[in-house]
Amino acid sequence: MQTTHVTTAKTMIVRLKIWRQDSPKDAGRFEEYTMDNVLIDMSFLEMLDELNEKLLKEGKRPVEFESDCREGICGTCSLMISGQAHGPIRGATTCQLYMRSFKSGELITIEPWRARAFPVLRDLVTDRRAFDRIQMAGGYTGAKTGPHADANAMLVPKDLSDRAMDAAACIGCGACVAACPNASASLFTSAKITQLALLPQGHPDRKRRALRMVAQMDKEGFGSCSNLQECEAACPKRISIQNIAIMKQEYLKAAISADYREGLGDADA
Amino acid sequence: MSFELKSGVPEGPLAQKWDKYKADMKLVNPANKRKYTVIVVGTGLAGGSAAASLAELGYNVKSFCIHDSARRAHSIAAQGGINAAKAYPNDGDSVWRLFYDTIKGGDYRSREANVYRLAQNSTSIIDQCVSQGVPFAREYSGELANRSFGGAQVSRTFYARGQTGQQLLLGAYSQLMKEVDKGKVQLFPYHELLDVVMVDGKCRGIITREINTGKVERHAADVVIMATGGYGRVYYLSTNAMNANATAIWRAHRRGAAFGNPCYVQIHPTCIPVSGTHQAKLTLMSESLRNDGRVWVPKKKEDLAKAPSTIPEEDRDYFLERKYPSFGNLVPRDVASRNAKDVCDEGRGVGASGRAVYLDFSAAIKRDGESVVREKYGNLFDMYHEITAENPYKSPMRIYPAVHYTMGGLWVDYSLQTTLPGLFAAGEANFSDHGANRLGASALMQGLSDGYFILPYTITNYLGTHATELLKKVETSHPAFEQAEKQVRDEIARLIANGKKGKRTPNEIFKELGLVTWDYVGMARDDKGLKIAIEKIAKLQHEYDNNMLLNDDQHLNTALQTAQRLGDYLELARLIAQDALHRTESCGGHFRVESQQDGEAKRDDEHFAYAAAWEYKGKGQDAILHKEQLVFENVKPSTRSYK
Amino acid sequence: MVSLKQLFSSSLGRKYLMGASGLALVIFIILHLLGNLTLYAGHGEPMNTYSARLHSLGMGLIIAEVGLLLTFVIHIIAAIQVTMTSKNARPIGYASTETKGGPTKNTMTSRNMIVTGLVLLLFLIVHLKQMRFGPNVADGYTASLEGVMVHDIYRVVVETFQDIKWVIFYSASMFFLGFHFRHGFWSAFQSLGAINPRWSKPIYAMGLIIALLLTAGFFFMPIYIYATQGGAS
């Protein structure tokens, strides 16, 4: 018999404990909600959509949370779900999480990403612009718009290209920071440094990139990496901490050999 | 306000038109570039690449996006690839062939000169992206790899696993961030555009609302580019992102920008079927899957209940391969979608809802092995598995068409300028290059062509042409800004005031609008249905104006955003229906039941070989139609055949 | 080249210091264990010989000891800075956290390197006070080695471990050493960027072996003394 996911109109009861905070300045608190008749085939965010419909009708302020593409690529959704970044499924974002991953009646705690560098704007929405500033510090090749050599003029070995793609798959969601017991942004920063260190296009400014991006990461107030590898476990794109090791190499090489003007002084200016 | 539609296509042979434009254009000297401010709204492929490129030229750029970061625009979700006439596989591709395929794929409803320029730029885009470190797929030789997409018989699609859009967007984003670091681009994240400001007949600024604080702001500039994407969310359920919306283009339309071909909506054939009323959006399965997946339904209705693997080969109907032997499963999207709908209408649709067809990989797995299939499509298969809890390596996927892309958008001339002087539109936000149907892997190409290789020239030309006027700066204290800001504030205040006594949530009305547009303005349209749609939309508009519930909170408030955007969708839905009603031919994504021949769409070149550009006449009023006649000097419109 | 101050005040710079000093300390502790094995070899003579030979190095020993002290200080300062930065990076904690499993090395011990480290620091102070700066020749702790008077370090050791409370303190502390090494060994390589996917697992496994051997090696010494010479005094 054919298995069909659409006909299983199975429902469940969901108990939620959600962080509510009116503004960055206000103190937050947890509030509890119960929802009956939640379809197990609903996505987690669709369940929250329903909760918000209900709150709106009850004259209460809906829970603010972020999401956009709802297919795991834009990096907008976040949420610490019962202590795990993006919930219990490895290699998936919150928007790819379905209610069938939870037990009926289970209490689900939902919190925002917690880090000094990611202040809470409201409820579950955090400000992740610190990542943009790290990117600004050097997460690019210097290529300008205009004529360039033919794309096949430079051959790139497939294995390097594939490894660069592994690193480039980062969606900038911040789960690495959220899951890290130290709130370190090493995985995010290293993914970009590694991508461009592996590809020849990134070589001309690789020293400047490593020095400036690390300096910016530190300046944002992220924690230090303690090599716990929880970031990799939580990363929806399974980005490896090998990238962090490569960042360490890149940074050390740059710190020893780079011209001073390429270095930290420049980033602080 | 009335306007004249001047396409502004340069004289001369097709292949030399863009060169001629560049040769004749006005320039701006480097010292003067510093005096100009360009506003770019949107940071997707078109907006991000335009903002970065213009900043590199020396202009001061203000870049606006609704997200926290410029990296999150929905271009990021494009999976399959980007076309370019590089002809690396030596399979007979050329700029001409890409141009021809695109014009034909668009069912002869696009402007020749624009499409040719797009094909010309395609090769530079690949060079540009590679130089940015975009990790395109490569062969063991170290050269770039290609694959095929619908509507083409050559392999010209470049890709980065199933995340091509992401990688191209991150390329543009990184280039943009480089300019932010240099101070040439100022970023305005969390900003939603709510109006454009016209001063002395030229667009000189915008009004925005900062989403995270609710602050309404004025921003002045010398020229404004809108790269705010398409309007597929009018259908509620689509593959578009939750935040994708039509507000920016609609507000520009209200100010006088003509809206081009609103009824050209692309319904993508390979999406995961709808599974309940709770769904907020649909998920696309990349078209690249049709390279190796075979689409079929059972021949006999009594086989519907059987497990697909138990249905013998001779009882399966590979309907695309049967009807279109030369293109097979790689027919263009509109054709594939319509055929899927037809077999479901015949009662041969699979799955519980009966609204799905199989996309089967068993032949590919048998031929190449599971590991090869996994390498090509692994992430898509995983995605399918997560959503449906079914394993596509073991049993075929079930797919059904869903709204994906809008070919229509703000009408623009050859320089991408709308009918509002000083307001340009790029990417999906404009109507320019895809006619009535877009080919797969062409959206990324168009967005980047507009942003990297067209706007840097045409914006310079505009600023150079109007230098005397534009060098006189407009302050945000100008009455035009004051009036526009007041209008925005009043609208928000009215929504909130009405919201206190309303009963229905914005989402409820929105969902209902989605059902109306999907049922009556979807894959098959007819005179009666379209008229019903217009009536139903009017009722929903009434509901929206008088009975919508909203919480009194002007800060970060998603419900308020939804309500605002819904107001624009309602008006736009009406315009889509009006456009679809007037165009009694079938072409591309627009299928009129009344206009078909032997079960295939029938175009009417005699009466409809034009682009429709609609002029806004007020809420609830019929818009006025203007026509830009399409001239085909280089290709002869013929019946599209993929047989 | 960037200034050393900038390099070592960056988050990565501190990790280089942590990793390098950590590996140096691993080597020292392995040597220390090997030296201490002389304890089992006989009633005092082998250990006192080993001790005497070390002291015969004179200036060399002092340099080595100062170097060792500096290594400890660097390791400790860097550890405290890393911990402070990380505490500061998350002012409001989660109501609950749970590891996501998979490749993670996020365990009670790896999360609490600072705790095991501080216990080891306490141990180190006590240990130095008792052994390095404990009763010496002037206090009459002498032994004759082929006619030469040397420091009877063996007696210091034996006397310490005749007291059950020190046996417990020393042996228990060695568990903390084990926990610290379990994460620390592999972590040092990762901190230095000296790792790749092929070596990562073997190095992590080696960390476990070293942790077990060192813990076991040191753990049984006090117990052995107590068991064999506990009632002797």
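The values are calculated or read from the model by the stated rules, or taken from the named source; none is laboratory data. Everything quoted here is computed from the prediction, not taken from an experiment. Cβ atoms come from the backbone with ideal geometry, glycine included; neighbour counts cover every protein chain shown.
Per-structure values
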quantity	calculated
Boolean, B:Pro421 is touching a Leu at 6+ places or on another chain (Cβ under 8 Å), modelled with pLDDT of 95 or more and surrounded by fewer than 24 Cβ atoms within 10 Å (Cβ to Cβ)	no
Every residue from region B:240-254 that is surrounded by fewer than 24 Cβ atoms within 10 Å (Cβ to Cβ) and within 11 Å of chain A (Cβ to nearest Cβ)	B:Met242
Lone unmet requirement of (1) within 8 Å of another protein chain (Cβ to nearest Cβ); (2) surrounded by fewer than 16 Cβ atoms within 10 Å (Cβ to Cβ); (3) not in a strand (DSSP E or B) for A:Phe30	(3)
Residue match in region A:172-194 (condition: under 24 Å from B:Tyr88 (Cβ atoms) and hydrophobic (A, V, I, L, M, F, W, C))	no
Of all residues making up region C:83-118, the number that are facing another protein chain (nearest Cβ under 7 Å), among the β-branched types (Val, Ile, Thr) and part of a helix (DSSP H, G or I)	1
Helices (runs of 4 or more DSSP H) fully within region A:156-269 counting 1 or more residues that are at pLDDT 95 or above	A:158-168, A:175-179, A:186-198, A:206-219, A:230-234, A:242-257
Set A:Ile108, A:Ile89: member being within 9 Å of another protein chain (Cβ to nearest Cβ) and either part of a strand (DSSP E or B) or surrounded by 17 or more Cβ atoms within 10 Å (Cβ to Cβ) (or both)	A:Ile89
Counted residues, region B:458-503 - those being free of Cβ contacts under 8 Å to residues at least 60 places away in the same chain and part of a loop (DSSP other than H, G, I, E, B)	6
Selection within region B:138-164 - closer than 21 Å to A:Leu198 by Cα, more than 7 Å from chain A (Cβ to nearest Cβ) and buried (at least 21 other Cβ atoms within 10 Å of the Cβ)	B:Phe158, B:Tyr159, B:Gly162, B:Thr164
Residue in region A:47-64 that is closer than 22 Å to B:Ala70 by Cβ, surrounded by 21 or more Cβ atoms within 10 Å (Cβ to Cβ) and not acidic (Asp, Glu) present	no
So B:Ala580, is it within 21 Å of the chain's Cα centre (by Cα), buried (at least 16 other Cβ atoms within 10 Å of the Cβ) and either part of a strand (DSSP E or B) or small (Gly, Ala, Ser) (or both)	yes
B:Asp91 vs. criteria surrounded by fewer than 24 Cβ atoms within 10 Å (Cβ to Cβ) and more than 9 Å from chain A (Cβ to nearest Cβ)	yes
Filter result for B:Ile103 (within 18 Å of the chain's Cα centre (by Cα), modelled with pLDDT of 95 or more and in a helix (DSSP H, G or I))	yes
All helices (runs of 4 or more DSSP H) inside region B:279-393 with 1 or more residues being basic (Lys, Arg) and within 26 Å of the chain's Cα centre (by Cα)	B:333-343, B:370-388
Residues of region A:132-153 satisfying the condition of being over 24 Å from the mean Cα position of the chain (by Cα) and crowded, with 16+ Cβ neighbours inside 10 Å	A:Ala143, A:Lys144, A:Thr145, A:His148, A:Ala151, A:Asn152
Checklist (1) surrounded by fewer than 19 Cβ atoms within 10 Å (Cβ to Cβ); (2) away from every other protein chain (no Cβ under 14 Å); (3) of a type outside the set (Lys, Arg); (4) without any contact (Cβ under 8 Å) to a residue 40 or more places away in the chain applied to C:Phe123, failing item	(4)
Test set (1) more than 9 Å from chain A (Cβ to nearest Cβ); (2) surrounded by fewer than 24 Cβ atoms within 10 Å (Cβ to Cβ) - B:Asp181 fails condition number	(1)
Any hit, region B:45-57, residues being surrounded by fewer than 24 Cβ atoms within 10 Å (Cβ to Cβ) and either of a type in the set (Ser, Thr, Tyr) or at pLDDT 95 or above (or both)	yes
Within region C:149-233, helices (runs of 4 or more DSSP H) holding 1 or more residues that are under 14 Å from the mean Cα position of the chain (by Cα) and either at pLDDT below 95 or within 20 Å of C:Leu37 (Cα to Cα) (or both)	C:164-191, C:197-229
Matching residues in region B:55-65 - criterion: being in contact with a Lys or Arg (Cβ under 9 Å, 6 or more places away or on another chain) and more than 7 Å from chain A (Cβ to nearest Cβ)	B:Ala55, B:Leu57, B:Gly58, B:Tyr59, B:Asn60, B:Val61, B:Cys65
Restricting region B:181-223 to residues that are aliphatic (A, V, I, L, M) and part of a loop (DSSP other than H, G, I, E, B), the residue that is nearest to B:Pro479 (Cα to Cα)	B:Ala221
Cβ-Cβ under 7 Å pairs, at least 6 apart or on other chains, region B:613-639 side touching a residue at least 12 places away in the same chain (Cβ under 8 Å), far side of a type in the set (S, T, N, Q) and surrounded by 15 or more Cβ atoms within 10 Å (Cβ to Cβ)	B:Gly620/B:Gln541; B:Asp622/B:Gln578; B:Ala623/B:Gln578; B:Glu628/B:Ser7
Near pairs, Cβ below 8 angstrom, 6+ apart or cross-chain, from region B:374-399 (at pLDDT 85 or above) to any residue that is of a type in the set (Val, Ile, Thr) and assigned to a helix (DSSP H, G or I)	B:Phe381/B:Val373; B:Tyr393/B:Ile365; B:Tyr393/B:Val373; B:Arg398/B:Thr388
Count - residues of region C:1-51 that are in contact (Cβ under 8 Å) with a residue 12 or more places away in the chain and within 13 Å of the chain's Cα centre (by Cα)	10
Count of residues meeting criterion [under 23 Å from the mean Cα position of the chain (by Cα), among the aliphatic types (A, V, I, L, M) and in a helix (DSSP H, G or I)] in region B:16-53	5
Search result, residues across region B:261-299 that are away from every other protein chain (no Cβ under 14 Å), touching a Phe, Trp or Tyr at 6+ places or on another chain (Cβ under 8 Å) and β-branched (Val, Ile, Thr)	B:Val265, B:Val295
Count - residues of region A:157-201 that are within 14 Å of chain C (Cβ to nearest Cβ), more than 20 Å from A:Cys95 (Cβ to Cβ) and small (Gly, Ala, Ser)	7
Test result for B:Pro273, part of a loop (DSSP other than H, G, I, E, B) and touching a strand residue (DSSP E or B) at 6+ places or on another chain (Cβ under 6 Å)	yes
Residues within region C:171-211 that are crowded, with 20+ Cβ neighbours inside 10 Å, without any contact (Cβ under 8 Å) to a residue 24 or more places away in the chain and not hydrophobic (A, V, I, L, M, F, W, C), tallied	1
